[in-house]
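*Asks:* One structure is given below, represented as structure tokens, and several questions about it will come after.
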Amino acid sequence: MQRNFGHILVRSAIFLLLLASWPAGAAKNSPLTLKLLTDKSVYRAGEPVKMTLSVKNRSGRPVAGRLSSAQKYDFIITDKAGKVVWRWSAGKVFALMITPFKLGPGGTASYEAGWAGTARVKPGKYSVKGALRLDPKRYYAVRKIEIAE
């Protein structure tokens, strides 16, 4: 049992390092497109931000891939300096297992999350990133929002 727990910790650390090192840019020449929507573009302090990440297979063939864990998506909010102020997956635990991902021709998948932290940040402009990671490709969409005074 002790040995397995150590193995899980090492794999978790590796996964988090890989997640944190996602490069800027999306996978090129891919049949998948991502679209990120928020319910508004300007929020008052204390208003929740509702986010929806949509993934669409624009090809005429099924797209199949795999995820390196049970986590399918993530939402990340950064300030104008690029500092992460919120990450949907922070504090969550996901099973470390190969998880299949399949989207039929013309198919879509949607993922939703909400952030209630607008009262805890300074007014200003922020970037919301919705991300999907299919090994070994990375996909994401970005949207700008503003927290008003």
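*Asks:* If each residue of separation counts as 0.36 nm, what is the full-extension length gain between residue 79 and residue 142 once their alpha-carbon separation is subtracted?
*Replies:* Gain in length upon complete extension: 21.4 nm.
*Asks:* Quick one: 149, 112, fewest Cβ neighbours within 10 Å first, how do they rank?
*Replies:* 149, 112
*Asks:* Could you work out the equivalent-ellipsoid semi-axes for the range 71-111, taking the square root of 5 times each eigenvalue of the Cα gyration tensor, largest first, in whole Å?
*Replies:* 26, 16, 7
*Asks:* log10 I(q)/I(0), Debye, Cα-only the range 35-137, no solvent, q = 0.13, 0.17, 0.21 Å⁻¹?
*Replies:* Taking Cα atoms of the range 35-137 as identical point scatterers yields -0.55, -0.86, -1.12.
Since every read-out is calculated from the coordinates, none of them should be taken as a lab result. Please read these numbers as outputs of a predicted model, since none were measured by experiment. Because the Cβ atoms are built from the backbone with ideal geometry, glycine has one as well, and the counts that use them run over all protein chains shown.
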